[in-house]
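Visitor: I am attaching a structure below and will ask some questions about it afterwards.
Just so it is clear, none of the values below were taken in a lab; they were calculated from the coordinates. Everything quoted here is computed from the prediction, not taken from an experiment. Ideal geometry is used to build each Cβ from the backbone, glycine not excepted, and the neighbour counts take in all protein chains shown.
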Amino acid sequence: MAETIHVRGEGGAVIAMDLPLPESIQERYDAGLLQRVHPDGTPWFQAAAAEPAPPAVPDGPVRPGATARKPEWVAWAVAAHAMSAEDADALTLGQLKDLPEEPAAPVVGTEAAPAAAAAAAGRPTDDAPKGEWVAFVVRSGRMSAEDAAAYTREDLIDLMS
C-alpha cells in the first residue's frame, strides 16, 4: 500500500500524492518547487526517527483465519474457551467460527460451583420456555440465535449441561 503525502504546488494548492512520486513531480519536489505540508496546508516537519515499537504480542490464543480447517478451530476453542477437546470437536465448523473472540469468565472451583455460576449467569430452569434457552445459549457465546432456534429446547438444555 502506497504512502500518501500532501504537497503544496506552485499555485499554492494542497494536493494529496501517493509515493513514489512520478519522475517529473519528484524533480520539481527535489528542486523545492513543491513543498510537503500537512493535509490542512500547515508546514510539515520531519519527526525525529523514533524507535519502532515492538510488534504487538497477542495476550491469548490467536483466532484462526476464516479459511482455517476444523482442527485449527478446535485447537483455538480448547485454548481460548477452556473447552475439552471432545466438546470442541463435537461442534460444527460453523459453530466454532460463531464462538466469541473472548469467552465468558471461566468458572473456577468445586463441582458445585458451575451450577451456582450458571444460575447466577441467568441459566434458565429446565422447565423454562425454548425462547429463554435460545437467549441463554446466544449470551453464552455457544452459537448464533438462528442456529440455536433450529434446536429443540431439550437439545439446548443438553448442550448447556
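Visitor: What distance in nm separates the two pseudo spin-label positions at Glu10 and Ala82, each 7 Å out from Cα along the beta-carbon direction?
Guide: About 7.0 nm, to one decimal.
Visitor: Next up: Would you mind computing, in nm to one decimal, how far apart the modelled labels at Thr67 and Phe45 are, each placed 7 Å from Cα along Cα→Cβ?
Guide: For Thr67 paired with Phe45, the spin-label model returns 4.7 nm.
Visitor: Sum up the charges of everything whose Cβ sits under 12 Å from the Cβ of Met83, counting Lys and Arg as +1 and Asp and Glu as -1, but leave Met83 out.
Guide: Details: positive: Arg142; negative: Glu86, Asp87, Asp89.
So the surrounding residues net to -2.
Visitor: What FRET efficiency do you get for Thr125 and Glu146 if R0 is 22 Å and r is their Cβ-Cβ distance, rounded to the nearest 0.05? Please list the in-between numbers first.
Guide: Details: r = 24 Å, r/R0 = 1.10.
Approximately 0.35, to the nearest 0.05.
Visitor: Right, something else. With Rg and the Kirkwood Rh both taken from Cα atoms, where does Rg over Rh land for segment 3-46?
Guide: Details: Rg = 9.5 Å, Rh = 10.4 Å.
Result: Rg/Rh = 0.92.
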